[in-house]
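The values are calculated or read from the model by the stated rules, or taken from the named source; none is laboratory data. Note that the structure is a prediction, hence the values are computed from the model and not measured. In this analysis, Cβ positions are derived from the backbone assuming ideal geometry, glycine residues included, and neighbour counts consider all displayed protein chains. Note: accessible area is taken over every heavy atom of the protein model, side chains too, but ligands, DNA and RNA are not part of it. Shrake-Rupley method; radii C 1.70, N 1.55, O 1.52, S 1.80 Å.
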Amino acid sequence: MGKILTRMGDGSRVEMTAAEIQQDLEAAAQDAAERANVPSLTDDEIKYLLDLYKCKDRVVGVEEGKECCLTYDNMTSKIKRAHIPISKIQQLLLFERGLGADTLELAHIDYSFKQCKHVVQYEKPNMEQAVLQTIAPIFYGSMPNLGLYSVPDGPVANPGDMLPLGKIEESKEAFEQMAEYAIKDMVYVGSELYEKAGADGINFDTTAAAGDAEFYAALKAAEILHDKYPDMGIEMGMSGEFILGLHSEIEYNGVRLAGLYPQDQVKLAEQAGVTIFGPAINIGTNESLPWNLARSIVFTKACSEAAEIPIHANLGMGVGGVPLTLTPPLDALSRASKAHVELCRLDGL
Amino acid sequence: MRAAGDLVARMQMTRGMRIQEAKAYVADRLSIAVSELTDPVIMTEVREDLQIGALTPLPECAKGIEAKFRIADVLGIDINCVQRFKTKTTHQFRR
């Protein structure tokens with residue numbers, strides 16, 4: 001067999017032999033398994049992935065019976081980003097009836113809860129009107145984005161300035177203060193959109209981008225919202241496979257958050273009342289897509305097996321074995337989607 | 001929305017059901033087979049019959065909140081905006 005056309009993590013095209021692909025699949029699976037202390041891929045799973053890359057079909061899909069639901073992040077900003085001048089309510093109608101979306105998500109263009117707080121009185125009428133006109137369940141989505149709570153964007157001293165000076169305790173206190181501000185904003189925005197505007201749920205997107213203190217803040221906010229509104233749908237999508245220990249000692253329900261991998265992250269999300277969890281596995285742009293896909297599947301499969309709630313893995317530009325490009329190639333996107341759903345038994349993407 | 005994805009997603013969101021459980025629940029409530037949930041031809045007929053909204057709703061078909069009233073009834077769940085609609089329209093609104 002000749003060379004197989006695939007891509008690198010940055011989307012650029014590359015030709016590889018079957019042996020080279022198999023080598024990348026095995027190496028990445030082993031690497032991920034060792035990092036997260038979870039099982040690697042079986043020989044059958046490696047063969048499945050190799051066959052997926054040998055297949056010359058431009059687009060592939062899941063087997064009948066394995067179809068799953070789709071949730072979205074930053075949905076209404078996608079249309080805005082393309083500079084199509086239509087309202088957010090029109091965008092939601094377009095996603096629902098033009099594109100057949102299973103779920104909808106209203107979002108503010110500045111996709112952080114802190115920024116949404118300022119415009120919540122303008123977001124509520126959008127949600128109020130959207131729920132009258134749409135049929136699919138609708139989230140209000142945003143990011144915890146803890147970084148916005150430190151100087152120069154927020155009121156708290158910046159841990160990034162203090163850590164190089166060796167002010168470890170002061171940095172930890174700053175992270176804890178930032179978390180408290182973030183929790184307050186997330187609960188406020190979530191409550192307003194759910195209780196007063198009729199949303200079906202809240203989506204915490206790109207969670208833990210600022211590390212363990214941000215993960216703590218999102219878990220606490222989810223816990224408070226779940227206690228207030230037991231029927232609220234709460235989705236938590238992550239920012240990466242590994243919780244960065246920028247605080248390093250912060251805990252949730254007695255579990256230290258720094259260094260957790262998806263199979264442990266989801267257990268805490270369940271305890272907090274999250275109803276859909278989205279692991280996010282970052283792309284290595286200088287590695288091949290087979291390498292990236294195998295790595296992502298090892299982490300995601302362990303998460304799905306540990307979970308009792310639905311798992312909607314993040315598959316998009318730069319995560320889940322999809323290249324880091326603005327326009328993901330369908331050959332890559334469809335292969336990553338099929339492999340994740342079938343090997344990880346996912347509930348959605 | 002092309003078939004039954006929104007209905008299955010509702011059970012995932014509100015009840016935390018995993019995909020196979022959610023599909024089985026929805027299929028049972030619609031009195032169809034699980035394999036029919038993803039067939040847009042069958043589901044368009046089912047959705048029109050049950051008045052639970054469709055991708056291309058014909059005149060006189062339930063739309064928007066009307067369809068969600070029916071979905072809440074068919075799936076046996078509370079939908080937040082449906083409850084809110086009832087409160088706003090059947091009780092004196094108090095802040």
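Within segment A:63-97, being within 14 Å of chain B (Cβ to nearest Cβ), within 29 Å of A:ARG335 (Cβ to Cβ), assigned to a helix (DSSP H, G or I) and open to solvent by less than 50 Å² (accessible area, probe 1.4 Å) holds for A:MET75, A:PHE95, A:GLU96. Once segment A:205-226 is narrowed to residues that are open to solvent by less than 40 Å² (accessible area, probe 1.4 Å) and within 14 Å of chain B (Cβ to nearest Cβ), the residue that is nearest to the chain's Cα centre (by Cα) is A:ALA222. Only a single item in (1) more than 14 Å from every other protein chain (Cβ to nearest Cβ); (2) within 19 Å of the chain's Cα centre (by Cα); (3) open to solvent by 30 Å² or more (accessible area, probe 1.4 Å); (4) of a type outside the set (Ser, Thr, Tyr) is not met by A:GLN271, and it is number (1). Out of A:PRO164, A:PRO152, one residue alone is out of contact with any strand residue (DSSP E or B) (no Cβ under 9 Å at 6 or more places or on another chain), in a helix (DSSP H, G or I) and free of Cβ contacts under 8 Å to residues at least 12 places away in the same chain. It is A:PRO164. Consider segment A:227-268 and keep the residues that are within 14 Å of chain B (Cβ to nearest Cβ) and over 20 Å from the mean Cα position of the chain (by Cα). The one that is least open to solvent (accessible area, probe 1.4 Å) is A:TYR229.
Screening B:ALA27, B:ALA62, B:ALA72, B:ALA9 for residues that are within 9 Å of chain A (Cβ to nearest Cβ), surrounded by 16 or more Cβ atoms within 10 Å (Cβ to Cβ), free of Cβ contacts under 8 Å to residues at least 24 places away in the same chain and in a helix (DSSP H, G or I) leaves exactly one candidate, B:ALA9.
With respect to the stated conditions, A:ALA213 is touching a His at 6+ places or on another chain (Cβ under 8 Å) and assigned to a helix (DSSP H, G or I). One residue stands out in segment B:12-24 among those that are part of a helix (DSSP H, G or I) and modelled with pLDDT under 95: the one that is least open to solvent (accessible area, probe 1.4 Å), namely B:MET13. The residues listed here are A:GLY278, A:GLY254; of these, the one that is without any contact (Cβ under 8 Å) to a residue 24 or more places away in the chain and closer than 21 Å to A:TYR216 by Cβ is A:GLY254.
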